[in-house]
1. I need the calculated FRET efficiency for the pair GLN8 and LEU82, taking r as the beta carbon distance and R₀ as 22 Å, to the nearest 0.05.
2. Given the peptides 36-49, 74-87, 8-21, arrange them by the average over their residues of other C-beta atoms within 10 Å, most packed first.
3. So, counting K/R as plus one and D/E as minus one, what does the shell of residues with Cβ under 14 Å around ILE2 add up to?
4. In whole Hz, with x marking every Gly and Pro, tabulate ³J(HN,Hα) for the stretch 175-186 from phi via Karplus 6.51 cos²θ - 1.76 cosθ + 1.60, θ = phi - 60°.
5. Determine the alpha carbon to alpha carbon distance for each of LYS42/LYS86; LYS31/LYS196; LYS31/LYS117; LYS42/LYS117; LYS3/LYS117 and list only those over 20 Å.
6. Fewest Cβ neighbours within 10 Å first, please rank ARG62, ARG161 accordingly.
7. Averaged across orientations, what area in nm² does the convex hull of the alpha carbons in the chain project?
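The numbers here are math on the coordinates, done by the rules we state, and not lab data. Just so you know, these numbers come straight off a predicted model, no measurement behind them. Here the Cβ positions follow ideal geometry from the backbone for every residue, glycine too, while neighbour counts run over all protein chains shown.
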Amino acid sequence: MIKVRYDQYNEFQDQFGHLYYKTPFSDYHLKLEYRFSGELQKGAPSYTLLNSGVMFHSQDPRTMPKEQDWPISIEMQFLAGLGDGKPRSTGNMCSPGTEIVYLGKQYDGHCLNSTSKTYGKDEWVKAELIVRHDSLITHIINGDTVLQYSKPTMGGGVANRFDPAVWQPGKPLTSGYIALQSEGQPIEFRNIYLKKLN
C-alpha cells in the first residue's frame with residue numbers, strides 16, 4: 001500500500017506532490033484501488049477536500065521547474081462524497097495544460113464529470129484506466145465504464161510556471177508518465193497493476 005500523509009508538514013503552502021513511475025507508457029490498462037482517510041491538511045485549498053487522482057500522459061517530471069504547480073498531463077480525478085447527500089462523481093477527467101475531444105467536439109472546460117456513483121470517505125474504490133495512444137481513453141469505476149474521450153493534446157490553461165521550451169500547443173499526447181497525486185487530503189492506494197497493450 002502507498003499512503004499519502006502530511007505528518008511532517010506544517011501549513012500546506014501549495015506543496016503539491018506527484019509520485020511518478022520511472023518510465024513513460026503509451027497503450028496500457030492501469031488498475032488500482034484507493035481510499036480517502038483522515039482530515040484535509042491545514043492550509044490546503046478547499047477544493048482538495050476528499051480529492052486526489054492519477055496523472056497520466058504527463059510530461060517528464062525532470063522537465064518541471066520547482067515553481068511549476070501541475071504537470072502538463074491528464075488527470076483521472078478521484079473524489080469522495082462530502083456527506084451532504086449531494087452527488088459527487090469520481091473517475092472524472094481534469095486537464096492541466098491539456099485539451100481533449102468529448103462527444104466529437106473539443107471540450108473547453110478544465111474538468112469533466114463522469115457518470116459514476118458517489119462513494120464515501122474510508123471506502124475502497126476500484127479504478128481502472130485504459131489508454132490507447134491518443135485515440136481513446138476510458139475511465140472505469142467499480143467495473144462500470146463512467147467516461148470516455150479521445151485526442152488529448154497539449155494546450156489550454158491551469159498549469160502554470162512551466163518551462164516554455166516544453167510548451168507545444170496542439171501537440172498530440174501519445175504517451176507520457178504516470179503519477180499518483182498528493183493534494184492535501186490523506187489517501188491510500190493499493191493493488192496497483194499496469195498491463196501494456198499492443
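1. After rounding to 0.05, the efficiency reads 0.20.
2. In descending order of packing, they fall as 74-87, 36-49, 8-21.
3. Cβ neighbours under 14 Å give a net charge of +2.
4. 6, x, 8, 10, 9, 7, 9, 10, 10, x, 9, x
5. Values: LYS42/LYS86 24 Å; LYS31/LYS196 12 Å; LYS31/LYS117 18 Å; LYS42/LYS117 28 Å; LYS3/LYS117 24 Å.
Correct reply: LYS42/LYS86; LYS42/LYS117; LYS3/LYS117.
6. So the ranking, lowest neighbour count to highest, is ARG62, ARG161.
7. In nm², the orientation-averaged hull projection of the chain is 10.9.
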